[in-house]
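The structure appears below as structure tokens.
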Amino acid sequence: MNGPLMTRRRLLAASALVPAAPALGQNARPAPAEADVVVVGAGAAGIAAARKLTAAGRSVIVLEAKDRPGGRCIADTVNFGMPMDLGAHWIHAPEDNPLVPLARAAGFQLYDDPERARLLVKGRRPREGEWEAYASALTRAQRAILDAGEAGREISLAAAMPTNLRDWQATVAFLKGAWDSGKELADISCVDFYNAIETRDLFCRQSYGAILAKLAEGLPIRLSTAVTRIDWSGRGVVVETPAGTIRARAAVVTASTAVLAAGTIRFAPALPKRQADAIAALSCGAYEHLIVHLPGNPMEAGADEPFVVKADTAATAKPLARIGGSDWWYLDIGGSFARDLATAGPAPMKAFAAEFIGNEFGPQARRAMGEVHVTSWVTDPFVRGAWSVAGPGATGQRLRLAEPVGQRIHFAGEATDEGLWGTVGGAFASGERAADQALRWLQPPARSRRRG
Ligand SMILES: Cc1cc2nc3c(=O)[nH]c(=O)nc-3n(C[C@H](O)[C@H](O)[C@H](O)COP(=O)(O)OP(=O)(O)OC[C@H]3O[C@@H](n4cnc5c(N)ncnc54)[C@H](O)[C@@H]3O)c2cc1C
């Protein structure tokens, strides 16, 4: 488990990119003014909740601010000649991920990601002993973090990590912090890190985003409809949008913790301190894909081959070669560096990609480099980050956020899952959990009552 090639998970892999078109007809449906449950957000959690509630015979309206479902798990089918994941790409924890059997049943092709990363040291292959030194540093760091987490020590990764990793310190700090978690080491709890289920990942030939798009088909989703206020002062909820007000008996709220913390959705009365504290404690890190075209395979890379580049600073990236066997590469950036660069805009992001390719891959690759596309999840007003990460002492906040508020507001989303937090699978599982909570609050459906 702690081997040098086994990261805890690979959280790699809105924007200047054009996503796939939404499923036809989803915008055409007029919104009834009442439903049993309103679901806020049509990402993985919202899709799962809506599927479960409708299967239980409940009337549901899903309100989604964007013009398409999928949230942080979407594919661009326009710009790349293939479906390209703009958010989630790695299918984590296949044994525990509820999307895996659904994807297989729907005919999606899933395959193992290559295990072994290629190490590059300033544009060259490692010299004798360098690979071993890197692997040893990574293993020592991983072991120290997981030991602290297993012991329940709510300390930061920075406090747990050895400080004598010599010239591999910055590389390991980047891998465990910005790349694995989207935050700096000081802001990540060892216990939260330890709780995340770690196994081999899968890829989907048709893209991860395509799986969610498929699962959203036929659901009563109102696109381009942002929720501005949820009034829960009465027996049910009154959900306000610019397109009108909807009354329901319960709400499942799946917006990211960063969106909730920004106050984009106002609650009346205000949320109890317990939930407000949980939202604040589970803030989102930053993680972006720079998607680079490298025709001619100048690095002689295998399909989906992961790379590790020796780093001196946090201003670095983690390449994933030849996505799905194509000429497109991810250069993934994370943490404060990614937040600052994305905030600065697409031009500095593209300039960084070109500089990185030149410095780390060499002049031949730099000459071969074509188009660059970039994501900007941190500046997306309906996402505002990558995924939630608990800081030291905050691990318990995930289950608190999952507790029903007044029996009629049920928070779901990746932040509310303990073992699969930060993942699409965790978000989907949380949506099902929130739907179960809402169903318990509602009366049995009419047809059950008739049967006596
Ligand atoms: C770049 C990147 C790479 C990632 N890589 C991976 C990976 O490889 N594997 C993995 O498993 N996970 C990965 N993740 C994390 C994963 O994408 C998320 O954990 C997951 O998709 C979250 O799903 P969710 O349903 O909780 O939230 P979201 O997907 O954010 O869904 C919430 C929805 O609510 C909508 N919304 C927000 N505010 C409102 C409002 N006021 N009214 C109406 N709707 C609103 C949003 O538009 C959104 O569609 C990655 C994330 C990013 C950003």
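The values are calculated or read from the model by the stated rules, or taken from the named source; none is laboratory data. Note that the structure is a prediction, hence the values are computed from the model and not measured. Because the Cβ atoms are built from the backbone with ideal geometry, glycine has one as well, and the counts that use them run over all protein chains shown. All accessible areas refer to the heavy atoms of the entire protein, side chains included, with ligands and DNA or RNA removed. Shrake-Rupley method; radii C 1.70, N 1.55, O 1.52, S 1.80 Å.
Tabulated results
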read-out: Protection proxy ranking, peptides 151-157, 216-222, average beta carbon neighbours within 10 Å, highest first; value: 216-222, 151-157
read-out: Heavy-atom accessible area per residue - the range 347-410, 1.4 Å, Å²; value: 38
read-out: Interchain or long-range residues, amide H under 5 Å from Leu119's placed H; value: Val308
read-out: Whole-number accessible area per residue in Å² for the range 262-323, which is evaluated in the context of all protein chains at 1.4 Å; value: 34
read-out: For Gly431, net neighbour charge (Lys/Arg +1, Asp/Glu -1) across residues whose Cβ lies under 9 Å away; value: +2
read-out: Dipole magnitude of the chain, debye to nearest 20 (Cβ charges: Lys/Arg +1, Asp/Glu -1, about Cα centre); value: 1400
read-out: Fraction of accessible area attributable to carbon and sulfur, the range 293-420 (%, probe 1.4 Å); value: 50
read-out: Cβ crowding within 10 Å averaged over residues, with 36-48, 414-426, 334-346, 298-310 ranked highest first; value: 36-48, 414-426, 334-346, 298-310
read-out: Unit charges at the beta carbon, dipole of the chain: most positive-side option, Gln397, Met82, Gly296; value: Gln397
read-out: Residue pairs, from the table Lys176/Lys350; Lys183/Lys318; Lys66/Lys214; Lys52/Lys183; Lys66/Lys318, whose Cα atoms sit over 22 Å apart; value: Lys176/Lys350; Lys52/Lys183; Lys66/Lys318
read-out: If the convex hull is drawn through the Cα atoms of the chain, its volume per residue in Å³; value: 134
read-out: Helix-only mean residue ellipticity at 222 nm for the chain, each DSSP H run of n ≥ 4 adding -39500 (n - 2.57), per residue, nearest 500; value: -8500 deg cm²/dmol
read-out: All-pairs alpha carbon distance profile, the range 25-131, 5 Å steps from 0, percent; value: 2, 9, 12, 17, 15, 13, 10, 7, 5, 3, 3, 2, 1, 0
read-out: The range 301-341: proportion of alpha-carbon pairs further apart than 13 angstrom, %; value: 53
read-out: Charged-residue dipole, Cβ positions (Lys, Arg, Asp, Glu), the range 139-188 about Cα centre, Debye nearest 20; value: 160
read-out: Sequence-distant aspartates and glutamates (8 or more away, or on other chains) whose Cα lies within less than 18 Å of Lys273; value: Asp231, Glu403
read-out: Accessible surface, the range 156-215, averaged per residue in Å² (probe 1.4 Å); value: 31
read-out: Carbon and sulfur %, accessible surface of the range 67-124 computed with the full protein complex present, 1.4 Å; value: 51
read-out: Ordering of 244-256, 396-408, 128-140 by packing [mean C-beta count within 10 Å, highest first]; value: 244-256, 396-408, 128-140
read-out: Backbone HN-Hα couplings from phi across the range 156-168 [Karplus 6.51/-1.76/1.60, Hz, Gly and Pro as x]; value: 7, 4, 4, 6, 8, 5, x, 9, 10, 8, 6, 7, 9
